[in-house]
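Here's the structure we're looking at; comments come further down.
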Amino acid sequence: MTKNKIAIFDIDGTIFRKNLHFELINELVWMKVFPSEIRKTLTETYTDWLEHQGTYENYRQALVGLYSEHIRGCSSDAVKKASKKVIDFHKRRTYIFAEAIIKRLREQEYYILAISGSPQEIVEEYNNEYLKFDQAFGSIYETDANGKYTGIATFEPSKDKSLVARQVIAEQHLGFKDSYAVGDTESDVRILEIVEHPIAFNPNQNLKAIADKESWQVIVEKKDVVYDISAAAVHHDALSLAVLRQINS
């Protein structure tokens, strides 16, 4: 069967229970590629977000800043090695809802796409070793002639994920009919607003406000229970309803 429908996923906080970028930085510290004092900054940044001293976007931007600063002069081989270690250890730490809806979409021959702000090396490793999506995009950092990173990001799909999605849709001759997108923060709004079935999953406050205003489906997963907390006016498609029934039965 030819694939003609698309489903678009964020990864961090949507499929993966943690943050690939955080885990990659942490592993590079353990490998002594990054200096050990970074771990203190990393922990403080994460704690600030957990304790509501900053937004998720503040946390994400801090990770990007740390990575850009300390990746300068590092080899691409080191990052690939660290990515492999992270994925080997963490790859199954996924959300129940994500696993269930991805399985349904595969059964219906959807073209499944992941777009993440995490570095391409770890996104690619995660996709190759676990997700097995049709395509996966992450942030790309420039390397010089010697294979050393310059610290400059040449491609950051999280700035407007819809541009990447539209390009893939055009290249693969896909359509928007019955299309899905799943995301958890305001950086996912641009993909959620272009599909027929947008799902705000475990949304932060900013995305929850937008989802309520736009009447998008809102799903929350707590431990091993998945809740639909969408506004009453939201149309529930058969696929997502089937997933919810399956998980909560």
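Those residues that are in a helix (DSSP H, G or I) and either modelled with pLDDT under 95 or open to solvent by 50 Å² or more (accessible area, probe 1.4 Å) (or both), I need them from the stretch 27-47; list them, please.
W30, I38, R39, K40, T41, L42, T43, E44, T45, Y46, T47
Please indicate, with yes or no, whether at least one residue in the stretch 171-178 is under 17 Å from the mean Cα position of the chain (by Cα) and either outside any loop (DSSP other than H, G, I, E, B) or small (G, A, S) (or both).
no
Give the stretch 79-96 a look and list any residue that's assigned to a helix (DSSP H, G or I) and either in contact with a strand residue (DSSP E or B) (Cβ under 9 Å, 6 or more places away or on another chain) or touching a residue at least 24 places away in the same chain (Cβ under 8 Å) (or both), or say none. It would help to see each step written out before you state the result.
If we filter the stretch 79-96 for residues that are assigned to a helix (DSSP H, G or I), which is where we start, we get 79-90, 96.
Correct list: V79, K80, K81, A82, S83, K84, K85, V86, I87, D88, H90, I96.
Looking at the stretch 136-164, which of its residues are out of contact with any strand residue (DSSP E or B) (no Cβ under 6 Å at 6 or more places or on another chain), open to solvent by less than 50 Å² (accessible area, probe 1.4 Å) and under 18 Å from A78 (Cβ atoms)?
Within the stretch 136-164, just G151 meets the criteria.
Please indicate, with yes or no, whether at least one residue in the stretch 63-72 is assigned to a helix (DSSP H, G or I), surrounded by fewer than 17 Cβ atoms within 10 Å (Cβ to Cβ) and touching a residue at least 40 places away in the same chain (Cβ under 8 Å).
Checked the stretch 63-72: at least one residue is assigned to a helix (DSSP H, G or I), surrounded by fewer than 17 Cβ atoms within 10 Å (Cβ to Cβ) and touching a residue at least 40 places away in the same chain (Cβ under 8 Å).
Hey, could you check the stretch 195-249 for residues that are out of contact with any strand residue (DSSP E or B) (no Cβ under 7 Å at 6 or more places or on another chain), of a type in the set (A, V, I, L, M, F, W, C) and in contact (Cβ under 8 Å) with a residue 24 or more places away in the chain and say which is surrounded by the fewest Cβ atoms within 10 Å (Cβ to Cβ)?
For the stretch 195-249, the residue satisfying everything is A242.
Test G13 against the criterion of being in contact with a strand residue (DSSP E or B) (Cβ under 7 Å, 6 or more places away or on another chain), on the phi > 0 side of the Ramachandran plot and of a type outside the set (V, I, T), and give yes or no.
No: the conditions fail for G13.
Tell me, please, whether a residue that is in a helix (DSSP H, G or I), open to solvent by 10 Å² or more (accessible area, probe 1.4 Å) and in contact with a helix residue (DSSP H, G or I) (Cβ under 8 Å, 6 or more places away or on another chain) can be found in the stretch 48-55.
For the stretch 48-55, residues in a helix (DSSP H, G or I), open to solvent by 10 Å² or more (accessible area, probe 1.4 Å) and in contact with a helix residue (DSSP H, G or I) (Cβ under 8 Å, 6 or more places away or on another chain): present.
The values are calculated or read from the model by the stated rules, or taken from the named source; none is laboratory data. Since this is a predicted model, take the numbers as computed values, not measurements. Don't worry about glycine lacking a Cβ; one is built from the backbone with ideal geometry, like all the others, and counts go over all protein chains shown. Areas reflect the complete protein model, heavy atoms only, side chains present, ligands, DNA and RNA absent. Shrake-Rupley method; radii C 1.70, N 1.55, O 1.52, S 1.80 Å.
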